[in-house]
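What follows is a short report on a single structure.
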Amino acid sequence: MNKLLTLNILILLLTSCVNKEKSETEFYAESQTSFFDLRNSDWTKNTWIRKPENLKMVHESFKKFGYEKLENLISKSETHFLIQGVYIKRNFENLMDSLQLTYNKAEIQTKYYAEFWNRRKAEQNDSIVYEIIREFNSIKSDKKQLNFQNQFVNDTLVDLLKIEFDNENLNSQKAESDFYLLKKYGLNQSAYNLLYERAEYSELELDREKLKKELIKTAEYEQPWLIDNEK
């Protein structure tokens with residue numbers, strides 16, 4: 001009887017703790033950008049990124065920001081590379097060179113490259129994929145910044161890239177500016193993550209509680225653009 005009573009009390013305590021934790025959890029409204037799937041989807045199944053106009057927009061935006069600042073997006077070794085959770089068992093530089101070389105040249109295509117370009121042609125994005133590969137290869141040796149076509153640039157994407165990847169001179173003033181930029185774009189959950197869930201901002205002096213009160217709350221969790229990188 002005593003054991004049963006103890007067990008019941010324990011269950012009640014645990015339930016109370018869970019309910020308390022749930023009630024204290026706060027969620028914040030997060031607008032979905034047109035390029036939301038770049039961050040929150042499986043690239044192997046992503047149809048948005050396969051559309052030529054979207055590939056063009058991302059490429060020109062990356063060029064404006066600077067491809068050289070995005071090197072850590074790809075984890076590379078001599079034999080393989082990993083990008084956005086996609087593992088490819090090939091040398092990255094060799095692959096890029098070979099893809100450029102074999103475009104529209106069936107006579108020198110192995111099965112791998114023939115299948116790659118046939119898929120791109122079926123998706124009707126082969127010409128923009130080739131343009132991206134060719135331009136990307138042109139900067140590998142000297143790390144020069146490519147000229148971009150501003151009419152295709154998405155400035156919101158460029159701003160978000162600056163927040164996430166351009167942190168060499170990060171200080172409290174820039175952190176607060178980044179917070180308000182995220183808030184301006186309606187990315188409240190991202191702004192919350194900047195305050196509490198991002199390692200690069202964690203040591204900076206910010207009036208976090210004051211800033212948090214400016215965010216728009218919502219009833220349910222929404223996937224953020226600026227993800228939690230502390231867990």
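The values are calculated or read from the model by the stated rules, or taken from the named source; none is laboratory data. As the structure is a computational prediction, the values presented were derived from the model and not from experiment. A quick note on method: Cβ atoms are made from the backbone with ideal geometry, for glycine too, and the neighbour counts reach across all protein chains shown. Keep in mind that these areas ignore ligands, DNA and RNA; they rest on the heavy atoms of the full protein, side chains included. Shrake-Rupley method; radii C 1.70, N 1.55, O 1.52, S 1.80 Å.
What is the magnitude of the charge dipole of segment 110-231 about its Cα centre, with +1 placed on the Cβ of each Lys and Arg, -1 on the Cβ of each Asp and Glu, and no other charges, expressed in debye to the nearest 20?
Values: 19 positive and 24 negative charges, 88 e Å.
Once rounded to the nearest 20, the dipole reads 420 debye.
Amide H neighbours of residue 218 under 5 Å, at least 5 residues apart or on other chains, H built in the peptide plane: list them.
27, 28, 29
Given R₀ = 41 Å, FRET efficiency for residue 79-residue 122 by Cβ-Cβ distance, to 0.05? It would help to have the intermediate numbers written out before the result.
On the way: r = 29 Å, r/R0 = 0.70.
Efficiency at R0 = 41 Å is approximately 0.90.
Within segment 149-180, what residues put their amide N at less than 19 Å from the label point 7 Å along the Cα-to-Cβ vector of residue 208?
Those under the cut-off are 164, 170-180.
Using 1/(1 + (r/R0)^6) with R0 = 41 angstrom and r between the beta carbons of residue 174 and residue 150, what's the FRET efficiency to the nearest 0.05?
Values: r = 24 Å, r/R0 = 0.59.
It comes out at approximately 0.95.
Please sort by residue number the trypsin sites (Lys or Arg not before Pro) in segment 128-182 whose DSSP state is loop and whose Cβ has at most 16 other Cβ atoms within 10 Å. Please list the in-between numbers first.
Working: sites: 134, 140, 143, 144, 162, 174; in loops: 140, 143, 144.
For trypsin sites (Lys or Arg not before Pro) across segment 128-182 that sit outside H, G, I, E and B with at most 16 neighbouring Cβ atoms in 10 Å, the list reads 140, 143, 144.
Provide the per residue accessible area, probe 1.4 Å, for segment 114-196, rounded to a whole number of square angstrom.
Details: 4340 Å² over 83 residues.
On a per-residue basis, 52 Å².
For residue 49 and residue 216 in the same chain, what is the full-extension length gain: residue separation times 0.36 nm, less their Cα-Cα distance, in nm? Please report the intermediate quantities before stating the final value.
Values: separation 167, 0.36 × 167 = 60.12 nm, distance 2.97 nm.
Taking residue 49 through residue 216 to full extension adds about 57.2 nm, to one decimal.
Where does each of 37-43, 126-132, 207-213 land if you order them by average Cβ count within 10 Å, highest first?
On the way: 37-43: 14.6, 126-132: 17.3, 207-213: 12.4.
My ranking of the peptides, most packed first, is 126-132, 37-43, 207-213.
Calculate the length of the line joining the C-alpha centroid of segment 64-83 to that of segment 113-144, in whole Å.
Rounded to whole Å, the Cα centres lie 16 Å apart.
If you stretched the chain out fully between residue 91 and residue 72, how much longer would it get, using 0.36 nm times the residue separation minus the C-alpha to C-alpha distance? Let's see the in-between values first.
On the way: separation 19, 0.36 × 19 = 6.84 nm, distance 1.58 nm.
The residue 91-residue 72 span can extend by a further 5.3 nm.
Which entry in (i) 16.4, 48; (ii) 23.0, 83; (iii) 24.4, 74 is this structure's computed Rg and Dmax of the Cα atoms in Å?
(ii)
Once a ≥ b ≥ c are taken as the square roots of the eigenvalues of the Cα gyration tensor of segment 146-217, is the result rounded (a/c under 1.5), prolate (a/b larger than b/c) or oblate (a/b not larger than b/c)?
On the way: a/c = 2.81, a/b = 1.59, b/c = 1.77.
Judged from the Cα gyration tensor, segment 146-217 comes out oblate (a/c at least 1.5, b/c at or above a/b).
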